[in-house]
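Enquirer: Please find one structure pasted underneath; my questions will follow.
Every number in this text was worked out from the coordinates using simple rules, so none of it is lab data. In this text, all values refer to a predicted model and were calculated from it rather than measured experimentally. Counting neighbours? That spans all protein chains shown, and the Cβs are built from the backbone with ideal geometry, glycine included.
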Amino acid sequence: MNPITTALLGLSVADAIGVPVEFQTRGELDKNPVTDIRGYGTYNQPPGYFSDDSSLAFGLAESLGVGVFDLTNQAKRLINYKLHGYWTPENQIFDIGRTTSLSIDRLEILLREGKEKELVSLRHGATEQDNGNGALMRIFPLYAYLRDKPVEDWFEYIWQHSALTHGHIRSAFCCFLYLRFCAHLDGKVEKTEALKVARRELLSVMGEKKPSLAEYDALEKLFKADFANLARTQVQGSGYVVHCLEAALWCLFNADSYREAVLKAVNLGQDTDTTACVVGAPAALRYGVEAIPANWLAALARREEIIDLGDRLDAAYPQ
Ligand SMILES: [Mg+2]
C-alpha cells in the first residue's frame with residue numbers, strides 16, 4: 001500500500017479510537033484505560049466512527065487529489081463539512097472545534113462576497129489565541145503535494161492552508177515540524193534522526209521568518225525535549241497546538257507499535273481523538289498498514305472510500 005493511503009487509514013482509525021472518550025481526564029482514563037476499540041461514549045457514535053479531524057483531512061485530500069493547490073477549493077470543502085457533513089461517517093457532524101467553526105463562518109462570508117483573493121492573507125488577522133490544534137490535525141494530506149518540492153517551499157503552502165482556520169505562525173511552525181518529521185519517517189529514517197533533522201529544518205525556517213522571541217519560547221520543548229525520556233506528567237493532550245504535537249511525539253517515542261502509540265495518545269485524556277489522529281499518520285508510516293490492528297481497521301467507517309481517496313491523492317503526485 002502507498003504511504004499516503006497508509007497514513008490516511010492510520011490517522012482516521014486513531015481518531016475513531018479516541019472519539020468515545022474525548023474530554024475524559026487522564027485520571028478517569030487511568031482508572032478505565034482504553035485498551036481496544038470502543039464505541040458510543042462521548043458522542044454516542046458506533047465503533048470506527050471518525051470525527052472532524054479525519055473529515056477535514058479527507059476534504060483537504062480530495063481538494064489536493066485533483067492535482068492542484070487551490071485555497072478557494074480547500075475553503076469550500078471546509079465549509080461543506082460544517083454545512084453538509086462532508087466526508088463524515090454518515091453525512092452528519094457531531095464534533096467541531098470552536099476556532100474551526102468560527103473560521104469556517106468567516107470563509108463562507110468571504111466566498112459569498114466574492115473575496116476569494118483575501119484567503120491568502122488570512123494570517124494577518126491571527127492572534128495568539130488562534131493556536132488550537134485544528135490545522136495540525138488535518139494537515140497530513142498536504143504532505144502528498146509537498147513531498148517532491150524543495151523544503152524551502154513547504155512553509156508557505158503550510159501556512160496558507162493552516163490560516164484558513166488557524167492563522168497564527170505558531171500553528172504553521174508546528175504543522176511544518178510535523179510534516180517534515182512524517183516525510184523523514186516515510187523516507188525510512190529512524191525516528192530520533194527524523195526528529196533531529198525536522199528540528200533543524202524548522203530552525204532554518206524560523207531564522208528566515210524572524211518571528212518574535214515568544215515563538216522560540218513557545219516551541220522550546222518541541223526543539224529540546226528528549227521525548228523518549230520525558231515523564232508522562234510532562235505532556236498533556238490539550239487542544240493547544242504545541243501541547244498536541246509534544247504529546248504526539250511523546251507517544252511515538254514511547255511506543256514500539258502503531259497500537260501502543262495510539263492507545264498512549266488516547267489515554268493521555270482531554271483531546272483524545274486529536275492527539276491520536278496526529279499520532280496516527282506517522283505511526284502508520286513508521287510501522288506500516290499491517291500494524292494497524294485488524295479489528296480496528298475492519299470497524300472503520302467508509303474504509304474502502306478512504307483507501308480510494310488515498311490512492312487518488314498518491315497518484316496525483318507521482319514520485
Ligand atoms: Mg475530533
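Enquirer: Kyte-Doolittle cut-off 0.5, length cut-off 24 Å along the helix's own axis using Cα: show which whole DSSP H helices in the chain pass.
Expert: Correct list, ordered by number: 169-186.
Enquirer: With a 10 Å cut-off between alpha carbons and a GNM built on the chain, which of F253, F50, F176 moves the most?
Expert: In the Gaussian network model the winner is F253.
Enquirer: Oh, and also: Which shape class applies to region 220-266: rounded if a/c is under 1.5, otherwise prolate when a/b exceeds b/c and oblate if not, where a ≥ b ≥ c are the square roots of the Cα gyration tensor eigenvalues?
Expert: It comes out oblate by the Cα gyration axes.
Enquirer: Something else: Pairs K82/K224; K76/K149; K82/K209; K76/K210; K115/K221; K191/K264: which exceed 28 Å Cα-Cα?
Expert: K82/K224; K82/K209; K76/K210; K115/K221
Enquirer: Further question on the same structure: Under 17 Å Cα-Cα from K188, which lysines qualify once same-chain neighbours fewer than 8 residues away are excluded?
Expert: Straight-line reach from K188, under 17 Å: K196.
Enquirer: At most 13 other C-beta atoms within 10 Å and a DSSP loop state: those are the exposed trypsin sites (Lys or Arg not before Pro) I care about. Give me the longest piece of the chain that has none.
Expert: Numbers: sites that count: K115, K188.
Formally, the longest exposed-site-free interval is 189-319.
Enquirer: Follow-up question, since we're still on this one. Over the chain, what is the relative contact order in percent, taking alpha-carbon pairs closer than 8 angstrom and at least six residues apart?
Expert: Working: 547 pairs, mean separation 104.5, N = 319.
For the chain, the relative contact order is 33 percent.
Enquirer: How high is the relative contact order of region 216-319, in percent, counting Cα pairs under 8 Å that sit 6 or more residues apart? Walk me through the intermediate numbers first.
Expert: Details: 95 pairs, mean separation 21.3, N = 104.
Relative contact order comes out at 20 percent.
Enquirer: Compare T274, T88, T192 in a GNM of the chain, Cα atoms joined below 10 Å, and give the one with the largest fluctuation.
Expert: Highest fluctuation among the options: T192.
Enquirer: Taking springs between alpha-carbon atoms closer than 10 angstrom, which of E193, E22, E246 fluctuates most in the Gaussian network model of the chain?
Expert: Answer for the Gaussian network model of the chain: E193.
Enquirer: So, one more: Based on the alpha-carbon gyration tensor of region 186-245 and its eigenvalue square roots a ≥ b ≥ c, which shape applies: rounded if a/c is under 1.5, prolate if not and a/b is larger than b/c, or oblate?
Expert: Oblate, because a/c is 1.5 or more while a/b does not exceed b/c.
Enquirer: On to the next question. Kindly give the semi-axes, whole Å and largest first, of the ellipsoid equivalent to the chain, taking each as the square root of 5 times a Cα gyration tensor eigenvalue. All intermediate terms of the calculation are to be shown ahead of the outcome.
Expert: Values: eigenvalues 130, 107, 77 Å².
The three semi-axes for the chain are 25, 23, 20 Å.
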